[in-house]
């Protein structure tokens, strides 16, 4: 049995402390890779079939509409079985107070019975928002451990913090 890191991340134009910057790798992906390095866990990146706009403001408009309409966007690839994993790390940016809707698409397809779930979120001040409550619904039958909240602008400065959290 081993660890799995399921995550959604977006590169391109992102918001950092009041300004927009282009990044080559999404903040959540940086944290996911740290976790994989420390645990040896497998990585699974959740990607919507229809790409989000490169422009940040357009992207957040699309994300807001998806959430308001309770959409489940189609994915490029689906993870169907997590039975061979003990601990599932679930990572995402906070979009409109919770998980991006592609994460809902993926997580609703999985059976978390008997699994340990550790969530991590990247954000610019909003922390987990309501996502911890939403994860309890999405991952019912799992033991949900303390999550890790990381401001997106700090992802390259928290490697030791991530390591300590994976060892808790």
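Observations on the model:
- Cβ-derived FRET efficiency at R0 35 Å, residue 130 paired with residue 86, nearest 0.05: 0.85
- Residue exposure proxy: 99, 79, 135, ordered by other Cβ atoms within 10 angstrom of their Cβ from fewest to most, comes out as 79, 135, 99.
- Summarising the label geometry, the points placed 7 Å from Cα in the beta-carbon direction at residue 24 and residue 111 lie 4.2 nm from one another.
- Annotation: the residues 52, 78, 7, sorted from fewest to most other C-beta atoms within 10 Å of their own C-beta, follow the order 78, 52, 7.
- Proxy reagent accessibility, fewest Cβ within 10 Å first, across 10, 72, 133: 133, 72, 10
- Rg ratio (alpha-carbon, reference 2.2 N^0.38 Å) - region 2-166: 0.96
- Distance between the pseudo-spin-label points of residue 79 and residue 2 (7 Å out from Cα toward the beta carbon): 1.3 nm.
- Region 77-162 - share of DSSP beta bridges that are antiparallel (%, nearest 5): 5
- Antiparallel bridges, percent of DSSP beta bridges restricted to the chain (to nearest 5): 25
No lab work stands behind these numbers, since they all come straight from the coordinates. No experiment lies behind these values; they were computed from the predicted model shown. Counting neighbours? That spans all protein chains shown, and the Cβs are built from the backbone with ideal geometry, glycine included.
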